[in-house]
Amino acid sequence: EAQVTQNPRYLITVTGKKLTVTCSQNMNHEYMSWYRQDPGLGLRQIYYSMNVEVTDKGDVPEGYKVSRKEKRNFPLILESPSPNQTSLYFCASSRQGSNQPQHFGDGTRLSIL
Amino acid sequence: AQTVTQSQPEMSVQEAETVTLSCTYDTSESDYYLFWYKQPPSRQMILVIRQEAYKQQNATENRFSVNFQKAAKSFSLKISDSQLGDAAMYFCAYRPRDDKIIFGKGTRLHILP
């Protein structure tokens, strides 16, 4: 089954404790992306990657890191999480090209205390 | 800067009636796609419809259609014969060629039985 898999689905942690949210897709997509969703703000792109070893900042990259060492994986790293990073996070992937819709994971609810 | 604006945070419609959700965007690009995504309470992100900027003909998918006015930079979504399962958050999204993707803040649609 074609899918984007994010883990964990839920995480409660404390300020400053490094964490990684994993994302994997099995559709051989070139484009991968991370978003955060906050009430009243919609989805905002954090980082995106157009292919292996190529990453670019989205609109809200501060406090986040990503890597794209393999085509299928695109982890999101919070080196020193803070409460303002409490949010719902989505990973998405697609083929290259502006006509390609995003395929989304099921989301990760992250709470930073 | 490229922006996407959804001016209606919430809307309600009677079951079986028609409703239109508005979306405007700002860009200097000429080659791009526009998308509507639906997010039901399950929080999954589901593609509803997409429109190519170069096509004058409005896209249609069953009960969902768009009114695309390129000069006005407007991309509204019309839902005909509204059903209870249409209740969701709807996001408009703009995607230029292989670049970051911009989402609107969303419109929450309520269906009244």
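Couple of notes before you dig in:
- Amide H contacts of B:GLY106 (H built 1.01 Å from N, in plane; Pro and chain starts excluded): B:GLN6, B:CYS92 sit under 5 Å, all sequence-distant by 5 or more or on other chains.
- Debye, to nearest 20: dipole size of chain B, +1 on Lys, Arg Cβ, -1 on Asp, Glu Cβ: 180
- With the charge dipole of chain A set up from +1 on Lys and Arg Cβ and -1 on Asp and Glu Cβ about the Cα centre, the Cα lying farthest toward the positive end among the listed residues A:MET50, A:GLY97, A:CYS23 is that of A:CYS23.
- Linear extension gain, A:VAL52 paired with A:ASN26, 0.36 nm per residue minus alpha-carbon span: 7.9 nm
- Cα-based shape type of the protein assembly as shown, given that a ≥ b ≥ c are square roots of the gyration tensor eigenvalues and the cut on a/c is 1.5: prolate
- Over 23 Å (Cα to Cα) - which of A:LYS65/B:LYS73; B:LYS38/B:LYS73; A:LYS18/B:LYS100 fall in this group: A:LYS65/B:LYS73; A:LYS18/B:LYS100
- Take the convex hull of the alpha carbons in region B:1-66; its mean projected area over all directions comes to 5.8 nm².
- For region B:38-60, residues shielded by at least 10 square angstrom of accessible area compared with the chain on its own, probe 1.4 Å: B:GLN39, B:ARG43, B:GLN44, B:MET45, B:LEU47, B:ARG50
- Comparing the full protein assembly with the isolated chain (1.4 Å probe, heavy atoms, ligands and nucleic acids excluded), the residues of region B:67-103 losing at least 10 square angstrom of accessible area are B:PHE91, B:ARG95, B:ARG97, B:ASP98, B:ASP99, B:LYS100, B:ILE101, B:ILE102, B:PHE103.
- A simple charge model with +1 on the Cβ of Lys and Arg, -1 on the Cβ of Asp and Glu and nothing else charged puts the dipole of chain A at about 200 debye relative to its Cα centre.
- Model label points for A:THR86 and B:HIS110, set 7 angstrom from Cα along the Cα-to-Cβ axis, are 2.6 nm apart.
- In region A:11-113, the trypsin sites (Lys or Arg not before Pro) that fall in loop regions by DSSP, at most 13 other Cβ within 10 Å: A:LYS17, A:LYS18, A:LYS69, A:ARG95
- Loop sites here are GluC sites (Glu not before Pro) outside DSSP states H, G, I, E and B with no more than 14 other Cβ atoms within 10 Å. The longest part of chain B free of them is B:30-113.
- Relative contact order %, chain A, counting alpha carbon pairs below 8 Å whose residues are six or more apart: 36
- Sites B:ASP81 and A:LEU41 - FRET efficiency at Förster radius 35 Å, r taken between beta-carbons, to 0.05: 0.65
- Calculated Rg and Dmax of region A:1-86 using C-alpha coordinates, Å: 13.0, 37
- Carbon plus sulfur fraction of accessible area for the protein assembly as shown, probe 1.4 Å, in percent: 46
- With eigenvalues of the C-alpha gyration tensor scaled by 5 and rooted, region A:72-113, Å: 26, 11, 8
- Accessible solvent surface per residue of chain B, calculated while the other protein chains remain in place, 1.4 angstrom probe, Å²: 49
- Placing unit charges on the Cβ atoms only, positive for Lys and Arg and negative for Asp and Glu, gives the protein assembly as shown a dipole magnitude near 440 debye about its Cα centre.
- Qualifying GluC sites (Glu not before Pro) in region A:1-62, where qualification requires a DSSP coil assignment and no more than 12 other C-beta atoms within 10 Å, comprise A:GLU1, A:GLU53, A:GLU62.
- Between B and A, roughly 2200 Å² of accessible area is buried in total, ligands, DNA and RNA not counted and the probe set to 1.4 Å.
The values are calculated or read from the model by the stated rules, or taken from the named source; none is laboratory data. Owing to the predicted nature of the structure, the values given are computational and were not obtained by experimental measurement. Using ideal geometry, Cβ is built from the backbone for each residue, glycine included, and neighbour counts are taken over all protein chains shown. Keep in mind that these areas ignore ligands, DNA and RNA; they rest on the heavy atoms of the full protein, side chains included. Shrake-Rupley method; radii C 1.70, N 1.55, O 1.52, S 1.80 Å.
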